[in-house]
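One structure below.
The values are calculated or read from the model by the stated rules, or taken from the named source; none is laboratory data. Keep in mind the model is a prediction, meaning the values are calculated, not measured. Reconstructed Cβ throughout: ideal geometry from the backbone, glycine too, with neighbour counts over all protein chains shown.
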Amino acid sequence: MRAIGQWYCHARTSLEMLIRAAGWQPVAFAAAQEFLDCPRSAAPCCLILDIDLPGLNGLELQARMASERREVPVIFLADGSDAATAVRAMKAGAFEFFAKPVREDLLQNAIRDALERSRRTLVHETEKRALRDSYTQLSRRERQVMALVASGLANKQVGGELGVSEITVKAHRGQVMQKMQANSFAHLIRMAWKLGVAAA
């Protein structure tokens, strides 16, 4: 759990106590750059972010995170921000936007939901990274075969496309299944679409 903001000391302490009481481990930062300099967490997390920050403001930090830390949902807390600011933050992908003071139960529910989204994103990114690692083990010909069979072509048709025999295609296809650790042909097709390598 990460929190950035210019809250007065007692307000920041109260927020940290609230988060810790719910069973999470908060880490507070005084400014956006301090957060960006911190190593990325491998565990599900979210960012509770104040609009007004020294250096990069909250919206500017959110824009940076959209490209650099997409796995971290952003919950905004703001003092008297107008509706346009809230709309801008939500359009940019904020998970939630609260005006201070915020009800404890609402904030805790938002944190819980944000952490679940972070968990799902991390699982998805881990799976995709494993797929890419497996895909790099394929030879150029095996990648061609994977793309063509995933597009729906039969082995004979793939052989015609590549100028090789059907037996050769079957051999390549077997190697692809093994290297990609696909437990079925349907599983291989799903992998190809997730990687974006299925032929049109």
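If you filter region 23-75 down to residues that are among the basic types (K, R) and closer than 14 Å to R117 by Cβ, you find that the one that is surrounded by the fewest Cβ atoms within 10 Å (Cβ to Cβ) is R70.
Looking at this structure, is A83 at pLDDT below 90, of a type in the set (G, A, S) and in contact with a helix residue (DSSP H, G or I) (Cβ under 9 Å, 6 or more places away or on another chain)? The answer is no for A83.
For the condition β-branched (V, I, T), exposed (fewer than 14 other Cβ atoms within 10 Å of the Cβ) and either free of Cβ contacts under 8 Å to residues at least 24 places away in the same chain or touching a helix residue (DSSP H, G or I) at 6+ places or on another chain (Cβ under 7 Å) (or both), I167 qualifies. Residues in region 132-155: is at least one under 17 Å from the mean Cα position of the chain (by Cα) and either part of a helix (DSSP H, G or I) or buried (at least 19 other Cβ atoms within 10 Å of the Cβ) (or both)? Yes, that holds for at least one residue. Only one of the listed residues (L106, L122, L195, L131) is in contact (Cβ under 8 Å) with a residue 60 or more places away in the chain, under 21 Å from C45 (Cα atoms) and hydrophobic (A, V, I, L, M, F, W, C). That residue is L122.
Yes or no, residue by residue, for (1) more than 30 Å from M17 (Cα to Cα); (2) over 18 Å from the mean Cα position of the chain (by Cα):
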residue	(1), (2)
M90	no, no
G93	no, no
F97	no, yes
R129	yes, no
L162	yes, yes
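Looking at D113, D105 in this structure, which one is surrounded by fewer than 13 Cβ atoms within 10 Å (Cβ to Cβ) and part of a helix (DSSP H, G or I)? On inspection, the qualifying residue turns out to be D105.
Taken as a whole, region 51-72 holds no residue that is more than 26 Å from R40 (Cβ to Cβ), touching a strand residue (DSSP E or B) at 6+ places or on another chain (Cβ under 9 Å) and either acidic (D, E) or touching a residue at least 12 places away in the same chain (Cβ under 8 Å) (or both).
Test V145 against the stated conditions and say whether it is modelled with pLDDT of 95 or more and not assigned by TED's automatic domain parsing to the domain that holds S14. Yes: the conditions hold for V145.
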